[in-house]
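Reading through the structure tokens given below for one structure.
The values are calculated or read from the model by the stated rules, or taken from the named source; none is laboratory data. From a predicted model like this one, the values you see are computed outputs, not experimental measurements. Virtual Cβ from ideal backbone geometry, glycine too; neighbours counted across all protein chains shown. Each accessible area value is taken on the protein alone, full model and side chains, heavy atoms only, with ligands, DNA and RNA left out. Shrake-Rupley method; radii C 1.70, N 1.55, O 1.52, S 1.80 Å.
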Amino acid sequence: MNPELIAEKLTTKDIGRSIVYLKETDSTNLHAGRMFKNGELRHGIVIIAGSQSAGRGRMGRYWYSNGGLAMTVVVEIPEKVDNLAPITLTAGAATAVAISELTGKKFDLKYPNDIMHNGKKLGGILSELKIDKNRFVLLGIGINVEQESFPDEIAGIAVSLRQAGLKVAVEDVASAILNQLEPMLDTFMANGFAHIRRYWLEVNCTIGKKITVTQPSGLIKGKAINIDDEGALILETENGTQKALSGDFTVEK
Ligand code: BTN
């Protein structure tokens, strides 16, 4: 991993113009959290790790990132933005579009933001909010790039670009995502998710499928029929239409 190769291909104004490269760390999101505590976060900083010893996924899960891209993008949220939740969906849409354009192959999004290829997981996004006198979202993006195999526990559900027959450099995956992310984030900040929704819909593989949503309050089962302007998934259930914004989303095969 050579951060200069990322910088060379950037077309952004702010995102990725400052890259913190760590050969080894626990987790790029945890590192960003420590920078936040020290008052060191600025909009656009990207933290990239060569390897993570404690990579974190959604729902408190472990994230395996050896051979993959592990980066956290620091986004400062302007005061006027009040509905922050769909920023993760925006990042998911940008990531899926970027990887599809870079490789010429179809990658799609499972709600809320798993990047999928032929039913297996290529990547995911973990976003965290940090507030002091400013608001920062840490967009932790993990993509499987060069792995030739995965540990047994995830071998059946994970896929890398290499396994999909694509020899792509980690640096090129990073710059493609950052270049796609900045304009989509600008649109989201200015106009909200309503103006990102169509990109999300173009790359999604969730609408039309039977879904189970596991939430602390119980299960919602139904067919995903749409996503609304606030980023909630709309499900047609036995008890009528219901919205789901959070939880663990399982797609029935
Ligand atoms: C998911 O569960 O799908 C989200 C995975 C997010 C993994 C990335 S890798 C870079 C960043 N640092 C972490 O510890 N997690 C995120």
Self-check item: In the stretch 41-65, the residues that are assigned to a helix (DSSP H, G or I) and within 8 Å of the ligand (Cβ to nearest atom)
Solution: ARG58, MET59
Quiz item: Which condition does TYR199 not pass, out of (1) modelled with pLDDT of 95 or more; (2) touching a helix residue (DSSP H, G or I) at 6+ places or on another chain (Cβ under 6 Å), if it passes all the others?
Solution: (1)
Quiz item: Looking at THR206, is it within 16 Å of the ligand (Cβ to nearest atom), over 18 Å from the mean Cα position of the chain (by Cα) and either open to solvent by 50 Å² or more (accessible area, probe 1.4 Å) or touching a residue at least 60 places away in the same chain (Cβ under 8 Å) (or both)?
Solution: no
Self-check item: Residue, nearest to the ligand (Cβ to nearest atom), within the stretch 135-170, restricted to residues that are assigned to a helix (DSSP H, G or I) and open to solvent by 20 Å² or more (accessible area, probe 1.4 Å)
Solution: ILE154
Practice problem: Within the stretch 11-29, count every residue that is away from the ligand (no atom under 16 Å from the Cβ) and either open to solvent by 50 Å² or more (accessible area, probe 1.4 Å) or more than 18 Å from ALA98 (Cα to Cα) (or both). | Solution: 5
Quiz item: Taking the stretch 214-253 on its own, how many of its residues are open to solvent by less than 20 Å² (accessible area, probe 1.4 Å) and within 27 Å of ALA98 (Cβ to Cβ)?
Solution: 8
Quiz item: Is it the case that some residue within the stretch 34-42 is over 11 Å from GLY140 (Cα atoms) and within 19 Å of the chain's Cα centre (by Cα)?
Solution: no
Self-check item: Residue list for the stretch 1-25, restricted to those being under 14 Å from LEU69 (Cα atoms) and either assigned to a loop (DSSP other than H, G, I, E, B) or among the polar types (S, T, N, Q) (or both)
Solution: MET1, ASN2, THR25
Quiz item: How many of the residues making up the stretch 120-134 are under 20 Å from ALA158 (Cβ atoms), out of contact with any helix residue (DSSP H, G or I) (no Cβ under 7 Å at 6 or more places or on another chain) and either without any contact (Cβ under 8 Å) to a residue 12 or more places away in the chain or open to solvent by less than 10 Å² (accessible area, probe 1.4 Å) (or both)?
Solution: 1
